[in-house]
Structure formats: structure tokens, C-alpha cells
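Worksheet: one structure, shown below.
The values are calculated or read from the model by the stated rules, or taken from the named source; none is laboratory data. These numbers were taken from a predicted model, which means no experiment stands behind them. Cβ placement follows ideal geometry from the backbone for every residue including glycine, while neighbour counts extend to all protein chains displayed. Accessible surface is based on the protein model in full, side chains and every heavy atom, while ligands, DNA and RNA are left aside. Shrake-Rupley method; radii C 1.70, N 1.55, O 1.52, S 1.80 Å.
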Amino acid sequence: QVQLVESGGGLVQAGGSLRLSCAASGRPFSNYAMGWFRQTPGREREFVAAISATGGFRRYEDSVKGRFIISRDNLKNSVYLQLNNLKPEDTAVYYCAAGSYSYAMVSLSNYDSWGQGTQVTVSS
């Protein structure tokens, strides 16, 4: 099991930027992929971005491509999500997740540990 703690959420105007961070502890960080997901009330949690264990491969949900950047620092046991050109529809609780494998996966079922979430609110 991995313990995950997110930070960096907040309120921002449309067009603005935020940087989310997620600190991990537990099993060796460089052994597994990391992902970011988001959820709004009444909707299922959805994939946003993922990065492989080594950081060499990234995947993004189509609506965030070109605006969000996922990265990781294996020396600091941390993963980051840079959110640029934010839109009101990006408003959600954002969760980081630790993968069961080293590959960057889209499905929630491939992640076995979750953080508590951090709220991102984008005003129009």
C-alpha cells in the first residue's frame, strides 16, 4: 500500500494556472506508475493524466491535452500536475493515485492507492 497526500488546489479564474503536488510514501516510488483523476458531484471519477514509473511515458485525457502536464520526481517521491489555461469545466476534486504496475494506465482499476483529494475551482 502507498500513502498519498495531495496539495496545491484552490480557486483560480479561467485562464489561470495551478500546480498540484502529491507526495508518496510506502513501497519504492520508482516501481510504479502514477495517475491523476478528478471527480465532480454526481459523476464518476475520471482519468486526467498518467505517467510511467520512470517518467518516460505520459498519457492524457483528450480535453486536457496541451493544457495539463504531468511530471514526477523519483528522488522526492512526488508527482505533479501543472494545470494551465484552466476552464470552469475543470472544476473538480483532483486525486492522485498509485498504479499497480509500472505502465501509465487509464483505468481506475489499475490503481490501488488513492489520496484524499484536493479541490480545484475555476471561476468564469
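When 1/r is averaged over all different Cα pairs and the result inverted, which Kirkwood radius in Å belongs to segment 44-108?
Values: mean 1/r = 0.0798 Å⁻¹.
Mean inverse Cα-Cα distance, inverted, gives 12.5 Å.
Distance between the C-alpha centers of segment 32-70 and segment 76-112? Whole Å please.
Result: 4 Å between the Cα centres.
Carbon and sulfur: what percent of the chain's accessible surface (1.4 Å probe)?
Within the chain, the accessible surface is 49 percent carbon and sulfur.
Testing the spin-label approximation: label points 7 Å from Cα along Cα→Cβ at T121 and A14. State their distance in nm.
Result: 1.7 nm between the two label points.
Once fully extended, how much extra length lies between S25 and L108, figured as 0.36 nm per residue of separation less the alpha-carbon to alpha-carbon distance? Please list the in-between numbers first.
On the way: separation 83, 0.36 × 83 = 29.88 nm, distance 2.00 nm.
Roughly 27.9 nm would be gained on extension.
Give me the compactness ratio for the chain, meaning the Cα radius of gyration over 2.2 N^0.38 Å.
0.97
Along Cα→Cβ, 7 Å out, is where each label goes; now give me the distance between the ones at F57 and Q1 in nm to one decimal.
2.9 nm
Kirkwood hydrodynamic radius, segment 18-69, all distinct C-alpha pairs: what's the number in Å?
So the Kirkwood estimate lands at 12.5 Å.
Out of the DSSP beta bridges found with both residues in the chain, what percent are antiparallel (nearest 5)? Intermediate results must be reported in sequence, preceding the final value.
Values: 38 of 42 bridges.
Of the beta bridges lying entirely in the chain, close to 90 percent run antiparallel.
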